[in-house]
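Beneath this line is the structure, given in structure tokens, with notes to follow.
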Amino acid sequence: MTAVDWVMPAIGEVTDWQEALYRDIHQHPELSMQEVRTRGIVADHLRQQGFAVDEFGGGVVGVLVNGEGPTVLFRADMDALPVLEAERFDYRSTDTGTLAGETVPVMHACGHDMHVASAIGAAAVLAAHRDRWRGTYIALFQPGEEVAAGARSMVAAGLVDRVPRPDVALGQHVLATPVSGSVAIADGPVLSTAVSIRVTVHGHGSHGSMPHLSVDPVVLAAAIVTRLQTVVAREIAPDQFGVVTVGSLRAGASANIIPDEATLLLNLRAYDQGVLEQMQAAVERIVRAECAAARSPRDPLVETYDPYPLTDNDPSAVARVRAGMVAVLGQERVLQMQPATASEDFSTLPDAFGVPYAYWGFGGFVEGRPTVANHNPGFLPDLQPTLTTGTAAAVAGALAWLGVGD
């Protein structure tokens, strides 16, 4: 195994400014595809570290060429969420943003501030210790993960044609588990593929006292919700994973008015693209059949949005990353990752290049402290050892390809 005893002391060299950077980004979050300030901070840091910097589709890419050797791409996402942060510490976010024309609170409720700070720290460590590795390191900072738009935006802006083709792509996410100080990785599907669906069904409005003169879209929507519960229960094999969630049903504005239409928002997830497509087809079939049964005067409108790809780790890449992490962090801190039902657009990037990838999680909460799930107003990972661990994991993953030893 390549000697990596230098990694943790090197991370200690950047800790002070890295922690300050994390607090600053946490205090000033930006919504998806609006990460202007964050993008500028990232670009400045990368230039100071000697990276050649370019921007693509709202994201930033730094390329550091350090002799002949493999090329590694490491990705971090930058966007925050429209969430009002809990009031319990001195660097909480009080910033707001604009979403659909409305002013909303903004918070790094998913930990992307930790991702940015870890990735900048890792880039700084590699830039400062070029005698320890050979090859090309690509530090990619992506916008818009929360709306499944950022990775596609960067690819559409010419990423694949303007950046060296990596041999492997790496990414990570801070999570409620495992315990802070540990990482977890596994091969195969680790995050689900997903898609959201907006369904609009049409009725015929009437006075609430005259339902016989209506085609009631509320009753129609309720029938659809009930019938959709059979998709996973009766159409997906028991050994397959699938979820159909109706997250919103909106219709009408008054107790005594039967409205003209109703809108449902659905979310579908699976560990297999074929299963996802099977569920999508079932949803559309059920919606259209229920509309016909209810005498709906118009065909329903079924629209898909926010598609997320499957995150399916390459076994060889995972084995190599795991060995690198064990060398830096120790065997006891590198755990087996359990597949999560959340989704990511990370794999859009390596898929566009046609290269293997490895994606892992690292813990955000110290042992004994109550954990809080991502997207919660109280999601605030313990600063340390979380930040140091995320940085070490990123460096270790890169060195699994780039390292040359002492």
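In the range 299-315, what residues are surrounded by 14 or more Cβ atoms within 10 Å (Cβ to Cβ) and not aromatic (Phe, Trp, Tyr)?
Matches in the range 299-315: Pro300, Val302, Thr304, Asp306, Pro307, Pro309, Leu310, Thr311, Asp312, Asn313, Asp314.
Among Gly67, Gly97, which is the only one that is open to solvent by 10 Å² or more (accessible area, probe 1.4 Å), under 28 Å from Gly378 (Cα atoms), in contact (Cβ under 8 Å) with a residue 60 or more places away in the chain and not hydrophobic (A, V, I, L, M, F, W, C)?
Unique residue meeting the criteria: Gly97.
Since Phe379 meets every condition but one in (1) farther than 18 Å from Trp401 by Cβ; (2) at pLDDT 95 or above; (3) among the aromatic types (Phe, Trp, Tyr), which condition does it not meet?
In the conditions (1) farther than 18 Å from Trp401 by Cβ; (2) at pLDDT 95 or above; (3) among the aromatic types (Phe, Trp, Tyr), Phe379 misses (2) alone.
With the range 111-222 as the region, which strands (runs of 3 or more DSSP E) entirely inside it contain at least 2 residues that are free of Cβ contacts under 8 Å to residues at least 60 places away in the same chain and more than 20 Å from Arg322 (Cβ to Cβ)?
Qualifying strands (runs of 3 or more DSSP E): none found.
Checking Thr304 against (1) of a type in the set (Ser, Thr, Tyr); (2) in contact with a strand residue (DSSP E or B) (Cβ under 8 Å, 6 or more places away or on another chain); (3) more than 13 Å from Ile197 (Cβ to Cβ), which single condition isn't satisfied?
Going through (1) of a type in the set (Ser, Thr, Tyr); (2) in contact with a strand residue (DSSP E or B) (Cβ under 8 Å, 6 or more places away or on another chain); (3) more than 13 Å from Ile197 (Cβ to Cβ) one by one, Thr304 breaks only (3).
Are there any pairs, at least 6 apart or on different chains, whose C-beta atoms fall under 8 Å, with the first in the range 35-60 and at positive phi and the second surrounded by fewer than 22 Cβ atoms within 10 Å (Cβ to Cβ) and assigned to a loop (DSSP other than H, G, I, E, B), and if so, which?
Gly57/Ala157; Gly58/Met33
Name the single residue, out of those in the range 350-403 being more than 19 Å from His112 (Cβ to Cβ) and of a type in the set (D, E, K, R), that is least open to solvent (accessible area, probe 1.4 Å).
So the residue we want is Arg369.
Would you pick out the residues in the range 12-59 that are surrounded by 16 or more Cβ atoms within 10 Å (Cβ to Cβ), small (Gly, Ala, Ser) and part of a helix (DSSP H, G or I)?
Ala43
List the number of the failed condition for Ala86; all other conditions in (1) open to solvent by less than 50 Å² (accessible area, probe 1.4 Å); (2) modelled with pLDDT of 95 or more; (3) of a type in the set (Gly, Ala, Ser) hold.
Of (1) open to solvent by less than 50 Å² (accessible area, probe 1.4 Å); (2) modelled with pLDDT of 95 or more; (3) of a type in the set (Gly, Ala, Ser), only one is false for Ala86: (2).
Just give me the residues in the range 246-278 being in contact (Cβ under 8 Å) with a residue 24 or more places away in the chain and within 22 Å of the chain's Cα centre (by Cα), in sequence order.
Leu265, Leu266, Asn267, Leu268, Arg269, Ala270, Tyr271, Asp272, Gln273, Val275, Leu276, listed by residue number.
Would you mind finding the one in Val179, Val215, Val195, Val160 that is β-branched (Val, Ile, Thr), over 19 Å from the mean Cα position of the chain (by Cα) and closer than 25 Å to Leu81 by Cα? Break it down stepwise before answering.
Numbers: Val215 fails: closer than 25 Å to Leu81 by Cα; Val195 fails: over 19 Å from the mean Cα position of the chain (by Cα); Val160 fails: closer than 25 Å to Leu81 by Cα.
After applying the criteria, what remains is Val179.
Any residue in the range 257-277 that is open to solvent by 50 Å² or more (accessible area, probe 1.4 Å), closer than 16 Å to Ser192 by Cα and assigned to a helix (DSSP H, G or I)?
The answer is yes; a qualifying residue exists.
Checking Gly111 against (1) modelled with pLDDT of 95 or more; (2) touching an Asp or Glu at 6+ places or on another chain (Cβ under 9 Å); (3) open to solvent by less than 10 Å² (accessible area, probe 1.4 Å); (4) not polar (S, T, N, Q), which test does it fail?
Here Gly111 meets the rest and fails (2).
The values are calculated or read from the model by the stated rules, or taken from the named source; none is laboratory data. For clarity, every value in this text was computed on a predicted model and none was experimentally measured. Here the Cβ is made from the backbone with ideal geometry for all residues, glycine too, and neighbour counts use every protein chain on show. Ligands, DNA and RNA are excluded from the accessible area calculation, which covers all protein heavy atoms including side chains. Shrake-Rupley method; radii C 1.70, N 1.55, O 1.52, S 1.80 Å.
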